[in-house]
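What follows is one structure encoded as structure tokens, with my remarks underneath.
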Amino acid sequence: MVAVLLFMICVGFALKVSADFSRGTILLLAIVGPALFCMSAIFWRAISRTRLNTANYGRRRVLVIAEDTGLERVTQLLHRSGRSLIDF
């Protein structure tokens, strides 16, 4: 995927895709754009991790309706994710 992105950046730069933007502007966008994208991904990962560990975002009640044959698999998945099954 990175190779495709770099190829498209090089083609756009070499062909001077738009008459409205200079090659320097296109080059600046090509460098700053992916950097901002990566920084936003890191930012949102940190925010979501913090939100899941605090408050009650990570503590949701879920009603599972399953037959007895599928209940064992659901129970295993719940235990793997740190949840527990409440019988009623």
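The values are calculated or read from the model by the stated rules, or taken from the named source; none is laboratory data. This structure is a prediction, so every number in the text was calculated from the model and none was measured. No Cβ is skipped: glycine too gets one built from the backbone with ideal geometry, and neighbour counts run over all protein chains shown.
Here are some notes:
- Residue check for Ala3: at pLDDT 80 or above, among the hydrophobic types (A, V, I, L, M, F, W, C) and in a helix (DSSP H, G or I): no
- Of all residues in segment 44-54, those satisfying the criterion of being loosely packed, with under 11 Cβ neighbours inside 10 Å and modelled with pLDDT of 80 or more are Trp44, Arg45, Ala46, Ile47, Arg49.
- Long-range neighbours under 8 Å by Cβ, at least six apart or interchain, first residue free of Cβ contacts under 8 Å to residues at least 24 places away in the same chain within segment 25-42, second of a type in the set (Gly, Ala, Ser) and part of a helix (DSSP H, G or I): Ile26/Gly12; Ala30/Gly12
- Among residues of segment 15-43, those that are over 15 Å from Leu5 (Cα atoms), modelled with pLDDT under 80 and in a helix (DSSP H, G or I), counted: 4
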